[in-house]
Amino acid sequence: MYDDALLNKSNSEFKRLTGVKKQTYQIMLSILQEQYVLEHKLGGKPNRLCVEDRLLMALEYWREYRTYFHIGNSYGCSESRAFKIVKWVETTLISSRKFTIPGKKKLHTLDKESVILIDVTESPIERPKKKTT
């Protein structure tokens, strides 16, 4: 799935497709490649998907909120494997500490011009409990 044509797109098209800038994509990719090398240092079964495809799979999930079933079909893997790949990308990027959201104290000290957007579309809905009579 990974193609050099993706990187040949203009900056605006690349961001529109993946949801991140090219520079951010390159940083994410380098972090994931380093982690992949560390995990497979002593050997092990190689993955069918390259690191670029794994990152694109996660970006596609975050950008479009497609189901793991559909993403898995697009990349030729199962629904459970797509879930594991997206979770691996998430945990690896979060543990690198380069992609973390600042804490509450830091948010209060930001300038008025700074903007932080938080996506809450997957928040549980509070519903009144049914009364049993």
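Miscellaneous remarks
- Residues that are touching a residue at least 12 places away in the same chain (Cβ under 8 Å) and more than 16 Å from CYS50 (Cα to Cα), drawn from the stretch 70-82: GLU79, SER80
- Close pairs from the stretch 88-106: first under 15 Å from GLU39 (Cα atoms), partner at pLDDT 85 or above and of a type in the set (S, T, N, Q), Cβ under 7 Å, at least 6 apart: THR92/GLN35
- The stretch 95-132: number of residues that are part of a helix (DSSP H, G or I) and either among the basic types (Lys, Arg) or at pLDDT 80 or above (or both): 4
- A single member of GLN33, GLN23 is under 18 Å from ASN8 (Cα atoms) and over 14 Å from the mean Cα position of the chain (by Cα), and it is GLN23.
- On inspection, ARG81 does not qualify as crowded, with 16+ Cβ neighbours inside 10 Å, of a type in the set (Lys, Arg) and closer than 19 Å to ILE31 by Cα.
- Residues within the stretch 39-94 that are in a helix (DSSP H, G or I), among the charged types (D, E, K, R) and either in contact with a strand residue (DSSP E or B) (Cβ under 9 Å, 6 or more places away or on another chain) or farther than 21 Å from GLU13 by Cβ (or both), tallied: 7
- Filter result for PRO46 (of a type outside the set (Gly, Ala, Ser), under 24 Å from THR24 (Cα atoms) and more than 15 Å from the chain's Cα centre (by Cα)): no
- Matching residues in the stretch 32-55 - criterion: being surrounded by 15 or more Cβ atoms within 10 Å (Cβ to Cβ) and out of contact with any helix residue (DSSP H, G or I) (no Cβ under 7 Å at 6 or more places or on another chain): ASN47
- Pairing each residue of the stretch 14-35 that is closer than 15 Å to ARG54 by Cα with any residue that is among the polar types (S, T, N, Q) and part of a helix (DSSP H, G or I), provided the two are 6+ apart or on different chains, yields C-beta distances under 6 Å for LEU32/THR92; GLN35/THR92.
The values are calculated or read from the model by the stated rules, or taken from the named source; none is laboratory data. Note that the structure is a prediction, hence the values are computed from the model and not measured. Heads up, the Cβs are rebuilt from the backbone with ideal geometry, glycines too, and the neighbour counts pull from every protein chain shown.
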